[in-house]
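See below for the structure under consideration.
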Amino acid sequence: MHPGDELPGEPQLDYEAWRDRLLSMCGRYNPEGFEPDVFAGWVRPLDVCGFAALDIGSNAHRVERTRRDIRLDGVDDYFAVFQVAGHSAMSHNDQAVRLSAGDVVLVDATRPVTYLADDERALWNCVTLNLPRQSLASHLGFDPQGGICRRRGTSAGRLLFELVRDAEQAEGGAASPADSYMRLAVYDLVGALFAPSDPWPVSLHSDKLFIRVRGIIKDHFADPDFGPCQAASEAGISLRYLQKLFTVRGLSCSHCIHALRLDHAACLLRRRALTNTRQPLSEIAYACGFRDYTYFSRAFRHRFGYPPGATANHVPGLGGNIAHADPDESA
């Protein structure tokens with residue numbers, strides 16, 4: 001920070017207060033590269049569509065989260081980190097990226113991370129959006145990889161950044177009924193930003209055909225009569241060839257259909273919990289291609305670690321145990 005610079009409208013915190021505030025809200029981080037008597041920073045809590053967020057800034061040249069920090073605090077979430085002002089670099093999950101205002105990077109709190117400011121004398125500012133791991137993975141259907149950076153020019157990045165900036169400028173207030181829908185939109189934007197380019201592996205020799213089969217499965221998995229035989233027939237290939245397409249990739253067609261059905265059910269159940277509707281759980285199961293609700297409930301619990309009726313307990317901001325209230329839920 002240049003001599004005489006002031007923090008932009010934020011209450012100044014000394015080194016210990018800044019570090020303690022971060023510890024209480026998002027885990028252990030260690031600022032370095034400054035003289036303790038000239039350190040200045042701020043940590044301001046925000047609400048972004050019902051998600052906890054922090055507006056963070058300081059004049060520390062280096063901020064680090066080590067394996068020891070991870071072991072001590074046990075924080076197990078993702079954080080979408082938006083560069084609001086200044087420039088910085090980040091090293092995380094074997095990725096090294098440079099960030100400018102408006103860029104967003106996904107951080108996995110269970111992996112070490114180091115932030116470096118470009119100018120040792122200047123303030124930097126970012127906003128972190130807390131994304132609970134289990135809820136995010138359940139909604140997206142995969143575990144995103146930390147260290148991925150997306151530039152401000154992407155459509156999803158611009159929209160998510162605007163939601164963050166709106167939260168920065170808001171004065172607070174009562175929660176809105178629209179927040180339930182906006183939380184779903186946030187998860188979808190995060191998925192659009194950080195989904196792998198092709199989560200289904202493809203071979204060099206049969207990639208076009210495999211992609212076509214994948215599309216057929218995505219279009220028809222909700223049909224309870226749809227299976228590998230129907231997928232092969234629709235693609236115009238033999239069942240044996242279809243099975244080989246999956247086997248060489250370490251997959252099975254039946255498993256992929258089953259996984260898509262469960263992932264879609266998880267999305268519908270999260271929407272049901274967030275919008276406080278009373279759609280029967282059995283109806284959701286049947287809409288996703290399951291004929292037997294008991295089998296669906298058992299498979300869902302095995303996949304996600306909790307029964308379908310307890311989805312509300314795994315949605316940020318919601319409580320209560322729906323499993324006790326839903327007559328459709330079976331033991």
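The values are calculated or read from the model by the stated rules, or taken from the named source; none is laboratory data. Keep in mind it's a predicted model, so treat the numbers as computed, not measured. With ideal geometry, Cβ positions are generated from the backbone for all residues, glycine too; neighbour counts draw on all protein chains shown. Remember, those area values only see protein heavy atoms, side chains included, never the ligands or the DNA or RNA. Shrake-Rupley method; radii C 1.70, N 1.55, O 1.52, S 1.80 Å.
Condition first: buried (at least 17 other Cβ atoms within 10 Å of the Cβ), of a type outside the set (A, V, I, L, M, F, W, C), within 27 Å of the chain's Cα centre (by Cα) and within 30 Å of L184 (Cα to Cα). Can you find one or more residues in the range 213-231 that meet it? Yes; the residues of the range 213-231 include at least one that is buried (at least 17 other Cβ atoms within 10 Å of the Cβ), of a type outside the set (A, V, I, L, M, F, W, C), within 27 Å of the chain's Cα centre (by Cα) and within 30 Å of L184 (Cα to Cα).
Just to be sure, is Y286 among the aromatic types (F, W, Y), at pLDDT 85 or above and exposed (fewer than 13 other Cβ atoms within 10 Å of the Cβ)?
Working: among the aromatic types (F, W, Y): yes; at pLDDT 85 or above: yes; exposed (fewer than 13 other Cβ atoms within 10 Å of the Cβ): no.
In short, no.
Going through the range 224-245 one residue at a time, which ones are touching a helix residue (DSSP H, G or I) at 6+ places or on another chain (Cβ under 8 Å) and either in contact (Cβ under 8 Å) with a residue 24 or more places away in the chain or among the small types (G, A, S) (or both)?
Of the range 224-245, the ones touching a helix residue (DSSP H, G or I) at 6+ places or on another chain (Cβ under 8 Å) are 224, 226-232, 234-235, 237-239, 241-243, 245.
Once the filter is applied, which keeps residues that are touching a helix residue (DSSP H, G or I) at 6+ places or on another chain (Cβ under 8 Å) and either in contact (Cβ under 8 Å) with a residue 24 or more places away in the chain or among the small types (G, A, S) (or both), the range 224-245 yields P224, F226, G227, P228, A231, A232, A235, I237, S238, L242, L245.
Residue-level check: of (1) open to solvent by 10 Å² or more (accessible area, probe 1.4 Å); (2) in a loop (DSSP other than H, G, I, E, B), Y241 misses just (2).
With respect to A156, determine if the residue is touching a helix residue (DSSP H, G or I) at 6+ places or on another chain (Cβ under 7 Å) and either surrounded by fewer than 21 Cβ atoms within 10 Å (Cβ to Cβ) or not aliphatic (A, V, I, L, M) (or both). Before you say what the answer is, go through the steps one by one.
Details: touching a helix residue (DSSP H, G or I) at 6+ places or on another chain (Cβ under 7 Å): yes; either surrounded by fewer than 21 Cβ atoms within 10 Å (Cβ to Cβ) or not aliphatic (A, V, I, L, M) (or both): yes.
Criteria met by A156.
For the residues P224, P177, P144, P199, the requirement of being out of contact with any Pro (no Cβ under 7 Å at 6 or more places or on another chain) and either in a helix (DSSP H, G or I) or modelled with pLDDT of 85 or more (or both) singles out P224. In the range 92-141, the residue that is surrounded by the most Cβ atoms within 10 Å (Cβ to Cβ) out of those that are modelled with pLDDT of 90 or more and touching a Lys or Arg at 6+ places or on another chain (Cβ under 6 Å) is V104. Within the range 57-81, the set of residues being within 19 Å of R111 (Cβ to Cβ) and assigned to a strand (DSSP E or B) comprises R62, V63, E64, R65, D77, Y78, F79, A80, V81.
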